[in-house]
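Novice: Sharing a structure with you now.
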Amino acid sequence: MISVTPELDKQSDIPLYQQLFVYLKGQIESGLLRENDRLPSIRQLSAYLSVSKNTVETAYQQLLAEGYIQSRLRSGLYVMPIEKLERAAAEPAVVRTGTAQKSEDLPPHAINFEYGDVELDHFPVRQWKRCLMDALEECTSEIYGYGDRQGHAGLRSEIARYLYQSRGVVCTPDQIFLSAGTQTTVSLLAQLLPLPGEVAMEEPGYNGVRTVLMNMGRTIIPIPLDHDGISVEHLKRSGAKTVYVTPSHQFPLGMIMPVQNRIKLLQWAYEQDGYIIEDDFDSELRYQGQPIPALKALDTCDKVIYLGTFSKSFLPGIRLSYMVLPERAALDYRSRLQAYSQSVSPLIQAAMHRFMKEGYFASHIRKMRKLYQSRHRVLLRSIHEQLGGQVGIIGERSGMHLLLDVHGRSSEELVKRALEHGVIAYAPRKHWLHREACPPSYIMLGFGGLSEEKIREGIIRLRKAWFP
Ligand SMILES: Cc1ncc(COP(=O)(O)O)c(C=O)c1O
């Protein structure tokens with residue numbers, strides 16, 4: 001038997017199957033477990049580690065689902081070759097449909113409701129390739145160097161135009177700063193914002209941003225939410241001067257902040273001479289009612305720092321995001337962070353410039369909005385039909401995820417049962433600064449990367465898993 005000796009902590013909050021999964025995944029990624037290595041049988045490993053067969057089986061299922069191992073008929077489980085791992089990452093079988101593969105390659109049909117996946121099958125490959133090629137051929141000096149520190153000037157102009165047309169934001173290209181993803185943007189901001197280092201955040205709020213702020217030495221002041229988003233009354237009492245919010249689609253609970261509260265929030269910033277960081281990460285994907293303008297569009301005193309990303313509207317893999325800085329902060333940026341190189345590849349920036357200028361981006365968004373809207377409708381219908389009164393739905397008005405409240409149950413048990421039925425579902429606990437405050441019955445389902453058929457099938461499996 002190959003050597004599998006993880007140190008499993010039975011006292012930890014992290015379930016044993018997850019600890020085992022993470023250990024094995026690490027061994028494969030680091031090459032300690034190699035292509036064609038055969039994993040011990042479930043019986044052998046559970047006896048060896050003194051854990052239940054269920055624990056080992058669930059860890060193996062997850063490895064299968066994520067393409068790290070494959071099952072060979074009547075032979076056992078084997079580590080996948082590295083090239084196949086790479087392909088599995090680019091085309092995760094759990095989130096793609098219609099990809100013909102050899103049956104021996106097929107993992108069991110796990111359906112992955114991972115938040116962050118986007119639709120790839122309708123990606124405008126031809127147009128994007130053309131933009132990349134044209135960019136490569138035409139602007140060589142720009143493409144092969146470091147590029148403009150603030151970001152490609154033409155692309156910044158296109159973004160300014162887009163923001164005005166789609167979000168009502170009025171800004172100049174000079175106020176726009178590009179970077180490689182929202183977390184990179186936030187780490188720059190954390191270096192720019194005035195001391196003291198406290199930042200108020202929605203509780204719950206986006207873990208990806210909170211972690212960066214904390215790692216950059218900022219203290220987080222968690223502000224509770226009320227029915228419509230962040231509680232401005234609590235914010236006023238907190239003493240904070242900077243707040244990070246997701247007003248157009250609260251992450252992860254999905255509220256949309258009404259205009260009255262937006263005005264109160266702006267008023268708070270004006271009185272404090274503080275800053276609001278508005279993360280407008282998926283405003284393109286609103287399925288009910290009229291689009292509402294960004295908070296930045298109402299900002300008459302230049303106190304809102306606006307963050308945008310191409311991760312939802314285009315592709316996470318492009319690693320392209322931007323911020324719109326108030327005039328004063330833009331000057332500060334240029335004087336204090338001037339020495340920083342641009343983090344986004346000039347080639348990607350130039351290609352995106354073309355993609356927007358040619359109108360491909362606008363038409364891609366129109367297409368994607370329809371497609372996600374349709375998936376969203378299928379998801380809601382399936383939940384109503386299959387899970388009915390046994391679950392509550394939270395945050396169903398926009399975006400690419402929603403939460404389920406599976407009354408009286410615990411997310412740990414629900415995730416585990418789902419996995420046993422070939423569905424990967426998620427507990428949203430990490431988005432709470434105080435994790436114990438997350439209702440244990442919440443489950444997070446992302447649907448951006450799943451076809452309608454997979455969504456239907458996934459929810460049917462969840463009914464079987466949760467309410468047999
Ligand atoms: C609240 C929020 N902001 C921003 C992002 C996008 O981050 P990035 O630009 O790093 O892909 C996400 C994506 O998951 C998100 O949930």
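Novice: Of everything in the stretch 109-152, what is within 30 Å of E453 (Cα to Cα), among the charged types (D, E, K, R) and surrounded by 16 or more Cβ atoms within 10 Å (Cβ to Cβ)? Give them in sequence order. Quick ask: steps written out before the conclusion?
Specialist: Of the residues in the stretch 109-152, the ones within 30 Å of E453 (Cα to Cα) are 109-129.
Add one more test, that the residue is among the charged types (D, E, K, R), and what stays is 114, 117, 119, 121, 126, 129.
E114, D117, E119, listed by residue number.
Novice: Next up: Answer yes if at least one residue in the stretch 400-412 is modelled with pLDDT of 95 or more, assigned to a strand (DSSP E or B) and among the charged types (D, E, K, R), and no otherwise.
Specialist: Checking the stretch 400-412: at least one residue is modelled with pLDDT of 95 or more, assigned to a strand (DSSP E or B) and among the charged types (D, E, K, R).
Novice: Across the stretch 312-328, what is the number of residues that are surrounded by 19 or more Cβ atoms within 10 Å (Cβ to Cβ) and over 18 Å from Q342 (Cβ atoms)?
Specialist: Residues flagged as surrounded by 19 or more Cβ atoms within 10 Å (Cβ to Cβ) and over 18 Å from Q342 (Cβ atoms) within the stretch 312-328 amount to 4.
Novice: In the stretch 247-279, how many are of a type in the set (A, V, I, L, M) and within 16 Å of the ligand (Cβ to nearest atom)?
Specialist: 6
Novice: Ok, one more. Does the stretch 299-311 hold any residues that are away from the ligand (no atom under 12 Å from the Cβ) and surrounded by 15 or more Cβ atoms within 10 Å (Cβ to Cβ), and which are they? Walk me through how you get there before you give the answer.
Specialist: Going through the stretch 299-311, the residues away from the ligand (no atom under 12 Å from the Cβ) turn out to be 299-306.
D299, D302, K303, V304, I305, Y306, listed by residue number.
Novice: Still on this structure: Within the stretch 20-38, can you find the residues that are touching a residue at least 40 places away in the same chain (Cβ under 8 Å), surrounded by 19 or more Cβ atoms within 10 Å (Cβ to Cβ) and within 15 Å of A59 (Cα to Cα)?
Specialist: F21, L24, I28
Novice: Sticking with this structure for a sec: Might you let me know whether the stretch 185-200 holds any residue that is more than 25 Å from L331 (Cα to Cα), modelled with pLDDT of 95 or more and in contact with a Pro (Cβ under 9 Å, 6 or more places away or on another chain)?
Specialist: Of the residues in the stretch 185-200, the ones more than 25 Å from L331 (Cα to Cα) are none.
No, the conditions are met nowhere in the stretch 185-200.
Novice: Please give the strands (runs of 3 or more DSSP E) falling wholly within the stretch 265-333 in which 3 or more residues are farther than 27 Å from S363 by Cα.
Specialist: On the way: elements: 275-279, 304-309, 321-324.
Correct list: 275-279.
Novice: Conditions first: (1) surrounded by 13 or more Cβ atoms within 10 Å (Cβ to Cβ); (2) of a type in the set (G, A, S); (3) modelled with pLDDT under 80. S52 passes all but one, so which condition is the exception?
Specialist: Condition not satisfied by S52: (3).
Novice: Now for a different question. Is there any pair linking a residue in the stretch 180-205 that is in contact (Cβ under 8 Å) with a residue 24 or more places away in the chain and closer than 15 Å to Y306 by Cα to one that is within 11 Å of the ligand (Cβ to nearest atom) and in a loop (DSSP other than H, G, I, E, B), with Cβ under 8 Å and at least six apart or on different chains, and which?
Specialist: G181/S311; G181/R319; G181/L320; T182/F281; T182/S311
Novice: Next up: Filter the stretch 233-246 down to the residues that are of a type outside the set (V, I, T) and either within 11 Å of the ligand (Cβ to nearest atom) or touching a Lys or Arg at 6+ places or on another chain (Cβ under 6 Å) (or both) and list them by number. First the steps, then the outcome.
Specialist: The initial filter retains those residues of the stretch 233-246 that are of a type outside the set (V, I, T), namely 233-241, 244.
Of everything in the stretch 233-246, just one residue is of a type outside the set (V, I, T) and either within 11 Å of the ligand (Cβ to nearest atom) or touching a Lys or Arg at 6+ places or on another chain (Cβ under 6 Å) (or both), namely Y244.
Novice: Given the criteria among the small types (G, A, S) and either closer than 18 Å to E119 by Cβ or within 14 Å of the ligand (Cβ to nearest atom) (or both), does G317 qualify?
Specialist: When the stated conditions are applied, G317 passes them.
Novice: I would also like to ask the following. Do you know which residues across the stretch 196-232 are hydroxyl-bearing (S, T, Y) and either within 13 Å of the ligand (Cβ to nearest atom) or at positive phi (or both)? If you could, list the steps in order and put the result at the bottom.
Specialist: The initial filter retains those residues of the stretch 196-232 that are hydroxyl-bearing (S, T, Y), namely 206, 211, 219, 231.
Scanning the stretch 196-232 gives Y206, T211.
The values are calculated or read from the model by the stated rules, or taken from the named source; none is laboratory data. On a predicted model such as this, the values are computed, not experimentally measured, just so you know. So basically every Cβ, Gly included, is an ideal-geometry build from the backbone, and we count neighbours across all protein chains shown.
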